[in-house]
Each structure stands twice: as structure tokens, then as C-alpha cells.
């Protein structure tokens, strides 16, 4: 191949890399359109005798069967429980499934989480409560090889006082899981009586048959940490986003006694812990040291931040009131969490407009589109009627397009700490971002016609206009094609020009020590 072939190959390789780098900063915001009517997952949603409070959903998609969806959620009334639903048709229909009760436990399942392994095996973690105080007694893991229709007998993971349990699976290695929780030493009414309760993790390489000894994740100097949210990258690196509520004794130690009133006036920190050795050691960075709380909460079930991983680019989402009202914010890192950029306000309503936007869930589509789902009251100046909104970014979270009403309407939800009438709608929303559409699930109160606090899990699919990949994704494809073409040309030249035919003047530094 002539020397021009080498030059062209190098140019294509460099141009492709530059295009990939620019792919997070090009293109207008993606435009969302509805692709289906929001529907309740629970078939009993129209039953007037149903007063259950279903919230805190997690939604998972089978990597070997895109139509196989699984949704779990916790139940807060009339008794504590776990909900599990599966779909074999992409969410058009849902079937309720039974989570097996472990031996010698009370029938009080709570706080389930779910993840699919790389080979399509489903894993469901859950907590068993005991006693009049409903104290966490043990954490269990069950699995399924038929998409969630049937579950195995569960294996115990850990013992008592494990709160805020979260499960994550390796995206490419089957049976490689990690589970995270807040390990308390004691409890009191609506409170942790002591300090220094850490966030810990345990891992398994055999699908839960055996587990490593728990390892402390949070820094030992942090006295009041909460709400771990884990993610695992394709290479196996672990990231955990969590809250350090610092001197917040009002909520952590139950000073509010479950009553409405002024919010804790001090700051919180949003923290990221990261491990590159399967969780054996951890390092931390502060995502934001000046979070402004928006309301009171119950320390056992606090609001959860959200974390999404796109290679070395990480996204963290949470709410705060730094501008006077509750807003949704997004932080981004280009170096796997070593440093963080200035946060971006996702919602576009006027600051200090008297309405709340909160509890965001963030995810990244394969083409790099960033979606943020959140509760939104900006359509109601009285800050009561609630919608679920989605906003998307085509430039790596730097700017966001207009909000899209995923819930298809509003429902009345005062919230306890601002109005003192009802429990909150759980600790998180659920979101899966795909190329052509995103799937969202959330707690909803539109069926609460008897005003008894009924909460139901609704779900909807959201499609996106324009090209199949969107602007940023199209640039990614162009960059990959250019790099591939460059690599092919360089490889072809290497084959055609053997090293023995290359003169010293053409071959770079060969005798570096001469």
C-alpha cells in the first residue's frame, strides 16, 4: 500500500476519535412522544376495596429477550409486603408473581430489588421483617431462569438490621452480583439512635451460592450516611452514590417524630464511592457539598439519588432547594467520578416559582441520550397536583429538551412534610432508556377515589422522534465507522509491508538505547 494509504488511515482514525469525543456535545435535544397510554401494572387498580400503597419500583429488562420485563416494588399498607410482576410482551400485559418466603421467617417481605444477569438469569433481593417494630431480620436472594415466572428457593445473604438494600449485576459476566446496604447497630422509633452506621457491600461470583465477607464502602469518618445507589460498568468497576446528611439530627435521629414542620436548615453532601478491584477497596469523591434539603423524611426509607454509567462518563441526579424551591439537578463526570462538573438544572420552570420537582431517576440510552424522569408539580401553582415528567439531553447532559408528561395527567398528592396528610410515594422511580424508546414506572394516586392513601404502580413507554439513534448517537456511529475504516487501512498496510522491508528511517524509534 502506498504511503498515502498510511496517511489516510491515520486521518480516519483521528477523525473518528474526534467525532466520538464530540458526540456528547452535538445535536439538539431529543423530542419525546408517547408510544402508549399509561397503565397500571396491578390488575386490582379499579377495586374500591384495594387500599394498598405500592411504591418504590425497580424495572429490569432481560438482556437476552427485550420483551421480558420485570418490575418489583415495596408495599407500605395495609401491611408490609413485596410486589413482583413480569411481562413477556414488552409491557403490554403484566402478571403478578409470588416471591418465595424463606423458612422460619414472618410473612413480611419488604424492599425488593431486581437485576438481570448477563445470561438472562433474574435475581430478586428482599428483606424479611420481624416483630411489632417491623425490624429487618434478614436479606435473601432468589433467582429465576424463566424470566421471573417462577423463582428458586431463596438463599440468605446477610443478617439483621440491613436497611436500604440494593442489588446490581455485572452487565457482561453471568452470576457476578453485588449487593449494598446500610448496616445499622440499633433502631429506635423512626430513628437511628447512634452514628457511624456504614454502607457496606458483599459480592458473589456464583449467582448467590456463596458471598464474600461484607466490606465497608463509606468512609469511616462519615457519621450519618444513607441511600446507597450502586452501578457496575462493563469492565466490572463499581460505583456507589450516596448521601452524607452531616449534622442532620432532625431526620436521622427522628427529631421530627414523624410530624410536618420546617426542613433541616443545614447542608448535605452527595458522595460517590468507587472500586476497581471487585469491592475490596474504595475511594471517594464529593459530587456536591452544598445540597439543600427540600423536606423531612423517614430515615429508614429516605429519598434515593440516582446514578447512571456510560463508559467513563457518570451521571448523578438528585433534588435540592438551592434556588428556593425543589428542583432536579444533574451532575456529570468525564473521568469515572474522579471529578464532577457544575450541576445542570433539568427542569425549565421559573426558579422560585412555588412548585416542586423532585425524586429524579437518570438513565443513558446506548446512543448516549440522557433521560431524567421525575415528579413534577409545575403545572399547579398550589404545589399539590403531581405529574411525572421526562426530559432528555442529546449533548451529554449539558442542556435538556422540553418536559414530556409521561403520566398523561396529574394526580393529587399533598405529601407529608409540606402538608402533613399522606406518606410519601416511595423512595425512587424506575427508568430504562433504550434507543427507540424509554420505559418508565412510578407510584401514582389517580385511583385513590376514596382518599385512603391508595398508591399504584403505573408504567408507560416513551418514543423519540427523528432518527433512530438521535443526533448524538448518529455522530457516535459516524465516529465508530471512521475509526473502523482507519484501523482496517492501517492493518492492511501492516500486512502488505513486512517489518524486514522497512528501512530504519521509516520505522520510528527502533534503537532507542543506541
- Exposure-ranked with fewest Cβ neighbours within 10 Å first, 116, 180 stand as 116, 180
- Which FRET efficiency, nearest 0.05, do residue 398 and residue 172 yield, Cβ-Cβ r, R0 22 Å? 0.15
- Message: Test of understanding: what is the full-extension gain from residue 220 to residue 150, defined as 0.36 nm times their sequence separation minus their Cα-Cα distance?
- Response: 21.1 nm
- Query: Quick one: 449, 172, 204, fewest Cβ neighbours within 10 Å first, how do they rank?
  - Reply: 449, 172, 204
- residue 380-residue 160 FRET efficiency (beta carbon distance; Förster radius 51 Å; 0.05 resolution): 0.75
- Assuming R0 = 30 Å, what is the FRET efficiency of residue 350 and residue 412, from their Cβ-Cβ distance, to the nearest 0.05? 0.85
- Inter-part gap, Cα centre of the range 86-110 to Cα centre of the range 219-243, in whole angstrom, is 27 Å
- Task: Please report how far the C-alpha centroid of the range 274-322 lies from that of the range 133-156, rounded to the nearest whole angstrom.
- Result: 26 Å
- Message: Give me the extension gain from residue 47 to residue 451: residue separation times 0.36 nm, minus the current Cα-Cα distance, reported in nm with one decimal.
- Response: 144.1 nm
- Task: Multiply the residue gap between residue 98 and residue 339 by 0.36 nm, knock off their C-alpha separation, and tell me the result in nm, one decimal place.
- Result: 82.4 nm
- Distance between modelled label sites at residue 281 and residue 66, nm, 7 Å Cα→Cβ extension: 4.2 nm
- Within 10 Å of each residue's Cβ, count the other Cβ atoms and sort 182, 246 from fewest upward. 246, 182
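Where a number appears in this text, it was derived from the coordinates with a stated rule and is not lab data. Just so it is clear, the model here is predicted, and its values are computed rather than measured. Positions of Cβ are backbone-derived with ideal geometry, glycine not excepted, and every protein chain shown enters the neighbour counts.
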